[in-house]
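I have placed the structure first, in the form of structure tokens, so that the comments after it can refer back to it.
The values are calculated or read from the model by the stated rules, or taken from the named source; none is laboratory data. On a predicted model such as this, the values are computed, not experimentally measured, just so you know. Cβ: placed from backbone, ideal geometry, glycine included. Neighbour counts: every protein chain shown. With ligands, DNA and RNA removed, areas are computed over all heavy atoms of the protein, side chains included. Shrake-Rupley method; radii C 1.70, N 1.55, O 1.52, S 1.80 Å.
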Amino acid sequence: MVIKPKVRGFVCVTAHPAGCAAHVQEWIDYVKAKGPVKNGPKKVLVIGSSTGYGLASRISAAFGSGAATIGVFFERPSEPDKTATPGWYNTAAFTTAAKKAGLYVKNFNGDAFSDQLKTDVLAAIKADLGQIDLVVYSLASPRRTHPKTGVVHKSCLKPVGQTYSNKTVDTDKGIVSTITIEPANEAEIADTKAVMGGEDWEMWINALDEAKLLAPGATSVAYSYIGPELTWPIYKNGTIGLAKNDLERAGKSINATLKTNGYGRAFISVNKALVTQASSAIPVVPLYISILYKIMKAKGSHEGCIEQIDRLFRTQMFGGTGLDFDDAGRVRIDDWEMKPDVQAEVAALWPEVTTENLAALTDIAGYRTEFLKLFGFGLPGIDYEADIDPHVELPA
Ligand SMILES: NC(=O)c1ccc[n+]([C@@H]2O[C@H](COP(=O)([O-])OP(=O)(O)OC[C@H]3O[C@@H](n4cnc5c(N)ncnc54)[C@H](O)[C@@H]3O)[C@@H](O)[C@H]2O)c1
């Protein structure tokens, strides 16, 4: 079938297998062109490995350090007449490329929050790899079925304690408007923490530790975001930010666990705001990203997921001068985004942007291009008029 993008609000309901493969190849080529990462990880578990920051982490580990990787993700497989979600095609392309490079690859498509999936992954580590030296926790999920209580928690993106009004953009239609969001109630705050907080990360590490599947000195990292004050009511001080505080709490407790295991470590890396499936669902943030991209591209400091994670691995985690912590003990690869000159320009443009001048004042075009790329559209060298089989199996 001929596969075209079908955008519905902030999701695209189709994905292009050859385009997704080309996108994955771009990221692999980026890492390979930089050469090997010295002292890089060798046996890596990535939880949330199929798109965004998790996929970038898996590619950085495999193609920067020759690592064996186990990937955990939750994607809809393709059917003979129906496209898969992009993470499925990304994983198929990654698996083919990594196997061709002689690397061990194992994939688990299922619910990372469940006990069963953890049991299955632990069994694979025991049987195939012995021990893991890096665990990347990069889940972004709208819901979690709690493995002990069976309760389904749904996360939400709301302010806490006060109503929030600010500009937002409908990225599909290009309309800038004011959005007003009522504050979350206590149950919504608790539910978001249950989904996006640190309990599940701790469950993974405790299960791995108890089964003695963590190599001495093993590292674990989870990703967070802070951003500028204009987004704080909906992000840093909102339901998601409170959940991220809990992720930080978990990071400290996991760090203590790993320290006793051959001087291992766990930490939070605060990453840059980027177009991913997760971030496109957050009100206000896509307009901020469109302005940020315009400014950072003009300054030559723009990065995508692969550039961010490659820099994290090469300059901090496995090379360079080691981990560079902020006052709260977090690694900041959002450093270029948060530079005062960048943020001063964002703050100056923010009140000026309207529907009429959106294209001129912001990089909404770049936002849309990046968004479609997430689904495999707009990649050079792909014939989007050609007939293509949507059904792709994950290589065994
Ligand atoms: N995108 C940004 O701007 C940004 C910035 C800083 C930090 N972060 C953080 O990075 C992390 C990853 O976010 P992203 O933007 O790369 O998201 P994403 O939507 O691209 O990726 C989410 C991943 O989680 C997997 N997943 C979701 N639910 C799952 C489940 N139940 N079981 C197994 N896998 C599941 C998906 O399959 C996918 O691999 C999040 O913690 C996010 O807060 C994102």
Structure shown: which of LYS38/LYS272; LYS158/LYS299; LYS42/LYS126; LYS4/LYS173 lie over 27 Å apart, alpha-carbon to alpha-carbon? LYS158/LYS299
Compute the relative contact order of the chain as a whole-number percentage, counting only Cα pairs closer than 8 Å that sit 6 or more residues apart in sequence. 23 percent
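Evaluate the relative contact order of the range 291-396 (contact order divided by residue number), counting alpha-carbon pairs under 8 angstrom at least 6 apart; express in whole percent.
Values: 55 pairs, mean separation 32.1, N = 106.
Relative contact order comes out at 30 percent.
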Just the Cα atoms of the range 201-283, one point each, no solvent: what log10 I(q)/I(0) does Debye give at q = 0.11, 0.21, 0.24 Å⁻¹? -0.37, -0.92, -1.07
Between the alpha-carbon centers of the range 106-182 and the range 315-381, tell me the distance in whole angstrom. 21 Å
Simple label model, 7 Å out from Cα along Cβ direction - TYR384 to ALA33, nm: 2.3 nm
Could you report the accessible area of ASP324 in Å², rounded to 10, computed with a 1.4 Å probe on the protein chains as they sit in the structure? 100 Å²
Top to bottom by accessible area (1.4 Å), largest first, where do GLU186, GLU370 land? GLU186, GLU370
Of all DSSP beta bridges having both residues in the chain, the percent classed as antiparallel (nearest 5) is 35 percent
So how compact is the chain: Cα radius of gyration and Dmax in angstrom? 20.3, 59
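Using only the Cα atoms, work out Rg/Rh for the range 321-396, with Rh taken as the Kirkwood radius, to two decimals. Walk me through the numbers before you get to the answer.
On the way: Rg = 20.0 Å, Rh = 17.2 Å.
Ratio of gyration radius to Kirkwood radius for the range 321-396: 1.16.
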Mind ranking GLU26, GLU229 by accessible surface for me, highest first, 1.4 Å probe? GLU229, GLU26
Solvent-accessible ranking of THR96, THR321, largest area first, probe 1.4 Å: THR321, THR96
If Rh is defined by the Kirkwood formula over all Cα pairs and Rg also comes from Cα, what ratio Rg/Rh do you get for the range 13-81? 1.02
Choice from VAL46, VAL135, VAL270 with maximal GNM fluctuation in the chain (Cα, 10 Å cutoff): VAL270
Expressed to one decimal in nm², the mean projection of the alpha carbon convex hull of the range 1-151 is 10.4 nm²
Semi-axes (Å, rounded, descending) of the ellipsoid equivalent to the range 154-297 per its C-alpha gyration tensor are 33, 18, 11
